[in-house]
């Protein structure tokens, strides 16, 4: 951009309206609801659902891993779906589907008792009584896990549309230099959703039953849909977007149109095969593969970590989880930092973003000492996980906006979906692996009064350990050294190095700013 163009843009910014930030606020609330809905299970399964259905860590790990697979595959098609229907209709379908899926979880208990006994006409409490009287716990586990997997499938299909639609909306309403900041703001909804979850969901479940937690939180999506219908339209068509604001939003298009050899962007659709021809696609996908699973691990397993290692129930864990996610709100700085590098250091958007991402990649290394220092206080790992979470959200805001830097608007949702698939596969591996590892270390490395657990209780070699078994042992005065601590140490160590590996590969594939012009 020439100096004259820069002056013109600065003058436009002063007179431009700010309606684009209202759209950003809508994206923020959609993402908040998105993360509230997916957190209900992680905050209710240990204290409320597992005792009712006799679940183990591996059962929960299977559910979360399959959710990751469903979400990953759905992301691939959600991007295409949003590009096909366009932003407004695509987002409405997405949040409508995931809100239905969220509410479906509440009826898994009734469906479990109905499938096993044939008695479908019971309420939530009636299904609990029926299930508690069943002697075939293996059947209860299998049926309930299958039903929850189905509900998670519906949730995943809908939730997959959130980020492709939100990133596409950001590209429509913000110039490139502001996209990381606007993305960091709406992406902070993930943190706020995770923040609101522990101070609301366990108490709803405690007061009204775990089923109502799914229904109440799930209903929020339907309310959001009403606001989206009346508030969103393309900026060039929107009555509340002034001519000055539209000029500011479209400043990149205006500047590019003056370049020699400029070719206007077409509206023709792009295929997956076309997108996969570019190193930029693979760089984005690998970065997502290496790092998405870290955030999902912290999101899904931190409540279980506090329960397993520090013996907290869901209400006791509310304060530390609230503090953890308060810390992750620092991620908003992550959206501002690339803007600083672009405006103050003269870097192009991609160069500024990669510099910022390298800085963020070092913070998760603190997770290496989270478990070893955890003996001091549970606040040590909580603070470290919070810092790592803030670094992830900062990284996430910037890796998403590399797509807008490199690709034309018509391909943004599709590329975002491809990266989401890769991130979901990484999340599947870490969630399933964590469940298996934690059950294994829990059994094989735990000692009771200095004696290996399986030597003292050989019956558990071939059967799951009841959730209340260790609590009863502790009440009897037994000294327990839980081997699950080693499992968490292993996973924390893996999470710590994922970002530096991801950044290195991304930088190797795309060493400098290389926007796609032939798609």
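Tabulated results
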{"item": "Residue check for residue 226: at positive phi, at pLDDT 85 or above and more than 23 Å from the chain's Cα centre (by Cα)", "result": "no"}
{"item": "Where a residue in region 335-363 is touching a residue at least 60 places away in the same chain (Cβ under 8 Å) and at negative phi and its partner, wherever it lies, is surrounded by fewer than 16 Cβ atoms within 10 Å (Cβ to Cβ) and in a helix (DSSP H, G or I), with Cβ under 7 Å and at least six apart", "result": "354/507; 361/500"}
{"item": "Residue identified as within 30 Å of residue 347 (Cβ to Cβ), at pLDDT 90 or above and surrounded by fewer than 19 Cβ atoms within 10 Å (Cβ to Cβ) among 517, 508", "result": "508"}
{"item": "Those helices (runs of 4 or more DSSP H) lying entirely in region 67-146 with at least 3 residues modelled with pLDDT of 95 or more and either closer than 20 Å to residue 30 by Cβ or in contact with a strand residue (DSSP E or B) (Cβ under 9 Å, 6 or more places away or on another chain) (or both)", "result": "87-104"}
{"item": "Among (1) under 24 Å from the mean Cα position of the chain (by Cα); (2) farther than 15 Å from residue 278 by Cβ, the one test that residue 506 misses", "result": "(2)"}
{"item": "Helices (runs of 4 or more DSSP H) contained in region 264-346 and holding at least 3 residues surrounded by 23 or more Cβ atoms within 10 Å (Cβ to Cβ) and either at pLDDT 90 or above or within 18 Å of the chain's Cα centre (by Cα) (or both)", "result": "279-310, 318-328"}
{"item": "Some residue of region 2-9 being at pLDDT below 90, in contact with a helix residue (DSSP H, G or I) (Cβ under 8 Å, 6 or more places away or on another chain) and assigned to a helix (DSSP H, G or I)", "result": "yes"}
{"item": "Among (1) outside any helix (DSSP H, G or I); (2) touching a residue at least 60 places away in the same chain (Cβ under 8 Å); (3) within 25 Å of residue 363 (Cβ to Cβ), the one test that residue 511 misses", "result": "(2)"}
{"item": "Test: residue in region 455-475 that is at pLDDT 90 or above, within 36 Å of the chain's Cα centre (by Cα) and farther than 22 Å from residue 62 by Cβ", "result": "no"}
{"item": "Index of the failed condition, residue 365 passing every other in (1) part of a loop (DSSP other than H, G, I, E, B); (2) modelled with pLDDT of 95 or more", "result": "(1)"}
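The values are calculated or read from the model by the stated rules, or taken from the named source; none is laboratory data. Just so it is clear, the structure is predicted and the values come from calculations on it, not from any experiment. Neighbour counts are summed over all protein chains in view; Cβ atoms, including those assigned to glycine, are modelled from backbone coordinates with ideal geometry.
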